[in-house]
Structures are given as C-alpha cells and as structure tokens.
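Colleague: I'd like to ask you about the structure that follows.
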Amino acid sequence: MKTNFKLIFLFIMAITVSCSDYLDINDDPNNPSAADVSPDLMLAGALTSSYSTQARRMNILGNVMMNNWGANVNSFTGGFSEEFTLAIDNNFYSDIFDNLYLTTANFQSIIDDARPGYSNHKAIAKIMKVHYFQYLVDLYGDIPYTEAHLGIENLTPAYDDDAVIYKDFIVQLDAAIEMINNAPADTFAVGGEDVVNGGIMSSWVIYANTLKLRILLRQSTKAYDNGGDAELATYLDAEFLKIDGENFLSSNMAINPGYSNGEAAQQNPFYRLMFATDESTSNSYNFYRGSKYAVDYLSGMEPGSVSDPRRDFIYEETDNNGWVGHEQGADGDNSPSELSAIGSGLVIKSAQDGYIMTNAESQFLQAEARLRGKISGAAYDAWFSGLQASFSFYGMNDVIATGYDPSTSSSLFLGFAGNTFEQDLEVIMRHKWIALNGINAIESYIEFTRTGYPSGIPLALTAQSATRPMRLMYPSSERISNSANVPPQSSADAFATGPFWAQ
C-alpha cells in the first residue's frame, strides 16, 4: 500500500511539535526519525492530521450527497459535476481512502511503541484508530485491517471481511477502556498533547462507549429489521447489554490544537476551505452554496417542514432575496441570480473548534438505541436532548423559546411521532440530518445508506442513477499498488452493494 512509504515524512512534518504550539510548522533542525518520536509527541499531530480529512473531504461528500450543498453556478461552471451526475469511479473521492490510511498509521505507531509508561496515549490511539477505521469500512466495505500499517514488512496487505473487522472494533475499544481504567502506577499523565480532551481520561472512556454505541447501531438494521439476522442479533443484544447504563457523550467532542491564522496549516481545516489566512474569502467559499432542497426545508417550504431558526446559522441570507438555494444539477441559466453561502454559524474564524462528534449526534444515537429497546430510557427524552443540543450549538439555549415546539407539532418530520417504529426512526434521522448539516454530514450519508431515512431527499437534476451510491470504489492508487488483493469491483457495484450492514 503506497501510504506506508509516506509514514516517515508524516512523522516529521505533522507530529514533531513544540510544547506550546501543536501546529508549529517550522522544520525541526535535528530532523528526527520516526523512531525518535515518543507517543506523547506523536499524539497531537495524529489527532489533528486525521481530523482534517473528516472535516474537509468527508464532510463535503456528505453535504453534497445529502443535498445540503449546491454550487455557485452563477460564477463557476462544472462544479460538482461528478457528484451531481453520480459518475462514480476509482478516482471519486479517492483521497479519503489514501489520507485515512496515511494518517491513521500514526495511531498505529503509538500503539506499537515499545517504550513503557504510555498506556494512556496508546488507549487514545486505539480509540481514534477505531473511529476512523469505522468510516473506512462504512465507505468501502472490506479493507486492509490486520495487515495494514506494517510498513516495509508488508506493502501489499490483504483485505479483511468487514463484518469481522466490525467485531474487532468492539474488542479494541474494550481493550482501550481497560488500559485507561487499570493503567499502571508509572503511566505518564496525558497533558496538552491531547488536543481533544486535554488529558481527561474519563472523557476518553465516555467516547469509547459512545463509539461502541454507534458501531452496534450501524449493524442493527441488518440484525433486527426486515426479517433480521438471528446470529448477529444475539451478538448485538449481548454487546448492548454491556453498555446499558454507561455514560455516553453529553457535550461536543471538539478538537483544537491551537488553530489560528498564523499559517494556512494552522487554521481550522474546515475554515481553511472557505477563507485565507488574512480572513479574505477563497474561491471555495465563493463556490459552495446551500442547496435549494435544504434551504427550502429549513424555511418551511417543503412538505412536513416549518421555518427553522437554525437556517440563519447554516446558510447566509442573500443581499436581496432572503435565503435561496441552488437546485443541484441546474446550470447558471436556470438558477436564481443570488444563492446563499455557507452560514456564519459554521464558518466562524480560523481558530474555531473542530468536532469529532457532536453532542447532538450522541443524543440521536441514544434515541435510536432506546427506540429499539437496547438501552434504558425514553427515546423521546434522548431525541429532544439531541434537538436541544443542535440548537445550543448555534447559541440558542431553549428550543421552545425559539417558537419551534416539537411537542405540539402534528408533523411527522418535526415532532417525535410516538407512533410506529419506522415513523419514530425517520424523525430521529431527519433531525440528525439537520443537526449534522455542514458539521459532519458524512454521518448523515452513511445513516441514509443504512436506514433509507430521511426520505424524500431528491437527487440532482443531472443524476444518471435513480439511487445514491452505497459505497465508494477502491482508489486507483490501491488498484495499482495492491492489485493482487484489492477485491474486483465495477461502478455498478457501488450502487448495488454496500458494507455488510447494508446487505
């Protein structure tokens, strides 16, 4: 796998850091090798470099596929043509595969480090490796796993069965929790190099439990719905029982290694899509626009919707025509003269936090698990907490005070229906779609692949398929460097088959 050749350079460029600034891009005059970099010095760079792919390419893919974003067709031509037409090939978002393998190699190096005293650092690395490898499975299916990140010892790793990998995720998270809860007395404390939780190891245990919840739920549709899978259901029942009563994420899991406008590499990676270091707008900011469907939905102009105050933060008001979105696939001759840009609630400043997982996502995960009867508590309570967390993200601390009262709504898509299982599941997924718009929309896309909700989200006018792809294709780089192992795949397979949990 070609990403192994880049490992030493990633250590030097992304991981060698000073104690005061984890985004210091000055070259180290001593030019250390990877073997000289201890886990505490690796951790900040590993966390930061991996998150960049989630914040940028994965987020873009999710926002376009879930009809959150359109293009400024009045000023640009040809943008998002592959996404809108659904022209999926081996180069379509191939950098997600390449970059996640490149950056997660740093977590593996921390895990494999033989120096004593780094149990907590290794536990964090285990948790975050699972976080990103789950996305690799969710987007690609079978992937290199047991033989990945072996460097020159194995440049052509075998592909593992995705269902088997998923079960090992739980094993690895359990091991990480055990390492934290029973760390030896001589374990080094984690400090500022933990640019997510600041060395508070109990917060990492909470996130590991939340990640287990997401992993188990991702398999739940296959296990319990439409006839189900009895063997998988038995396994999931046992694992859900183990985490019932545990603490799950109840605040935003933010990452901030000291983002600033000092240099491009020091900016929040999502902000860097939109603005230059001097705070001037970039071509990307001028290109990305709200989609007609999402803007209309949040404006109360789609069936089952009402005006949602979050619209004003997710999308910018135009100079003359209020909030206006681009209908995906329409060209400049068939588009309004003004289109809403990405909102000030998402694009704030170069030093803004990034979000590995939001509180809203965690609450909606708990709502589904409760709806399925797999963890204790009322599904409505967790769902409303997710709604509240989404409003709080934009500084609105009381949902009811905004006039958005789900308890009195008869609309399926606004209030928790409390009726059929499918209706309630759609309510959860509809609000997850809104809450993750612009933040971590890849989750909405994956959940849509799993559940088919929220329903009614249109494809682009130029779409050449009646459905969205269920997976991405293995990149050309992998077909060249690991041709003996990469599974055969056609573009039609991307639409017909997904990861194991979607079969």
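Colleague: Hey, can you tell me all the residues within the stretch 457-488 that are over 12 Å from residue 84 (Cα atoms) and among the basic types (Lys, Arg)?
Modeller: If the condition is that a residue be over 12 Å from residue 84 (Cα atoms) and among the basic types (Lys, Arg), then 471, 479 are the ones that fit.
Colleague: Now for a separate question. Within the stretch 33-134, which helices (runs of 4 or more DSSP H) (wholly inside it) include 2 or more residues that are among the aromatic types (Phe, Trp, Tyr) and crowded, with 23+ Cβ neighbours inside 10 Å? Walk me through it before giving the result.
Modeller: Details: elements: 39-53, 59-65, 81-85, 94-112.
Helices (runs of 4 or more DSSP H) meeting the threshold: 94-112.
Colleague: Now a separate question. If the requirement is being farther than 22 Å from residue 358 by Cβ, more than 26 Å from the chain's Cα centre (by Cα) and either modelled with pLDDT of 95 or more or basic (Lys, Arg) (or both), which of these qualifies: 75, 38? First the steps, then the outcome.
Modeller: Numbers: 75 fails: either modelled with pLDDT of 95 or more or basic (Lys, Arg) (or both).
Being farther than 22 Å from residue 358 by Cβ, more than 26 Å from the chain's Cα centre (by Cα) and either modelled with pLDDT of 95 or more or basic (Lys, Arg) (or both) holds for just one of 75, 38, which is 38.
Colleague: Here is a follow-up. Give the stretch 418-461 a look and list any residue that's in a loop (DSSP other than H, G, I, E, B), touching a helix residue (DSSP H, G or I) at 6+ places or on another chain (Cβ under 8 Å) and hydroxyl-bearing (Ser, Thr, Tyr), or say none. Lay out the reasoning, then the answer.
Modeller: Filtering the stretch 418-461 for residues in a loop (DSSP other than H, G, I, E, B) gives 418-420, 436-440, 452-461.
Still in the list and also touching a helix residue (DSSP H, G or I) at 6+ places or on another chain (Cβ under 8 Å): 418, 436-440, 453-455, 457-458, 460-461.
The answer is 453, 455.
Colleague: Conditions first: (1) out of contact with any helix residue (DSSP H, G or I) (no Cβ under 8 Å at 6 or more places or on another chain); (2) among the hydrophobic types (A, V, I, L, M, F, W, C); (3) in contact (Cβ under 8 Å) with a residue 40 or more places away in the chain; (4) not in a helix (DSSP H, G or I). Residue 206 passes all but one, so which condition is the exception?
Modeller: Residue 206 satisfies all of (1) out of contact with any helix residue (DSSP H, G or I) (no Cβ under 8 Å at 6 or more places or on another chain); (2) among the hydrophobic types (A, V, I, L, M, F, W, C); (3) in contact (Cβ under 8 Å) with a residue 40 or more places away in the chain; (4) not in a helix (DSSP H, G or I) except (4).
Colleague: Across the stretch 301-326, what is the number of residues that are exposed (fewer than 14 other Cβ atoms within 10 Å of the Cβ) and at pLDDT 95 or above?
Modeller: Here the count works out to 4.
Colleague: Determine whether the stretch 354-371 contains at least one residue that is more than 30 Å from residue 258 (Cα to Cα), in contact (Cβ under 8 Å) with a residue 24 or more places away in the chain and of a type in the set (Lys, Arg). Can you show your working first?
Modeller: Initially, the stretch 354-371 is screened for residues more than 30 Å from residue 258 (Cα to Cα), giving 366-371.
With the extra rule that they be in contact (Cβ under 8 Å) with a residue 24 or more places away in the chain, the set shrinks to 366-369, 371.
Then drop every residue that is not of a type in the set (Lys, Arg), which leaves none.
No, every residue in the stretch 354-371 fails to be more than 30 Å from residue 258 (Cα to Cα), in contact (Cβ under 8 Å) with a residue 24 or more places away in the chain and of a type in the set (Lys, Arg).
Colleague: Also: Looking at (1) β-branched (Val, Ile, Thr); (2) out of contact with any Leu (no Cβ under 8 Å at 6 or more places or on another chain); (3) more than 23 Å from residue 73 (Cβ to Cβ), which is the only condition residue 295 fails?
Modeller: (3)
Colleague: Can you spot a residue in the stretch 160-174 that is in a loop (DSSP other than H, G, I, E, B) and closer than 30 Å to residue 485 by Cα? Don't jump to the end; show me each part of the working.
Modeller: Within the stretch 160-174, the first condition is being in a loop (DSSP other than H, G, I, E, B), and the residues that meet it are 161.
Filter once more, keeping what is closer than 30 Å to residue 485 by Cα: 161.
The answer is yes, given that some residue of the stretch 160-174 is in a loop (DSSP other than H, G, I, E, B) and closer than 30 Å to residue 485 by Cα.
Colleague: So, one more: Is there any pair linking a residue in the stretch 109-121 that is closer than 20 Å to residue 47 by Cα and of a type in the set (Ser, Thr, Tyr) to one that is modelled with pLDDT under 95 and not in a loop (DSSP other than H, G, I, E, B), with Cβ under 9 Å and at least six apart or on different chains, and which?
Modeller: The qualifying pairs are 109/7; 109/11; 109/15; 109/34.
Colleague: Considering only the stretch 327-371, state which residues are of a type in the set (Gly, Ala, Ser) and surrounded by 24 or more Cβ atoms within 10 Å (Cβ to Cβ). Reasoning before the result, please.
Modeller: The initial filter retains those residues of the stretch 327-371 that are of a type in the set (Gly, Ala, Ser), namely 329-330, 332, 335, 337, 340-341, 343-345, 350-351, 354, 360, 362, 367, 369.
340, 354, 360, 362, 367, 369 - these are the residues of the stretch 327-371 that are of a type in the set (Gly, Ala, Ser) and surrounded by 24 or more Cβ atoms within 10 Å (Cβ to Cβ).
Colleague: Now a separate question. Where residues in the stretch 469-493 are of a type outside the set (Asp, Glu), touching an Asp or Glu at 6+ places or on another chain (Cβ under 9 Å) and not in a loop (DSSP other than H, G, I, E, B), which of them is nearest to residue 151 (Cα to Cα)?
Modeller: If we take residues in the stretch 469-493 being of a type outside the set (Asp, Glu), touching an Asp or Glu at 6+ places or on another chain (Cβ under 9 Å) and not in a loop (DSSP other than H, G, I, E, B), then 477 is nearest to residue 151 (Cα to Cα).
Colleague: Which members of the stretch 298-326 meet the condition of being part of a loop (DSSP other than H, G, I, E, B), more than 22 Å from residue 55 (Cβ to Cβ), in contact with a Leu (Cβ under 8 Å, 6 or more places away or on another chain) and in contact (Cβ under 8 Å) with a residue 60 or more places away in the chain?
Modeller: Selection gives 304, 305, 306, 308, 325.
Colleague: Further question on the same structure: Give 217, 136 a once-over and let me know the one that is within 21 Å of residue 250 (Cβ to Cβ) and touching a residue at least 24 places away in the same chain (Cβ under 8 Å). Break it down into steps so the answer makes sense when it comes.
Modeller: Values: 136 fails: within 21 Å of residue 250 (Cβ to Cβ).
It is 217.
Colleague: Let me ask something else about it. Tell me the residue from 367, 360, 351 that is in a loop (DSSP other than H, G, I, E, B) and at pLDDT 95 or above, please. Spell out the reasoning first.
Modeller: Numbers: 367 fails: in a loop (DSSP other than H, G, I, E, B); 360 fails: in a loop (DSSP other than H, G, I, E, B).
After applying the criteria, what remains is 351.
The values are calculated or read from the model by the stated rules, or taken from the named source; none is laboratory data. Every value quoted in this text rests on a predicted model; they were computed, and no experiment measured them. Because the Cβ atoms are built from the backbone with ideal geometry, glycine has one as well, and the counts that use them run over all protein chains shown.
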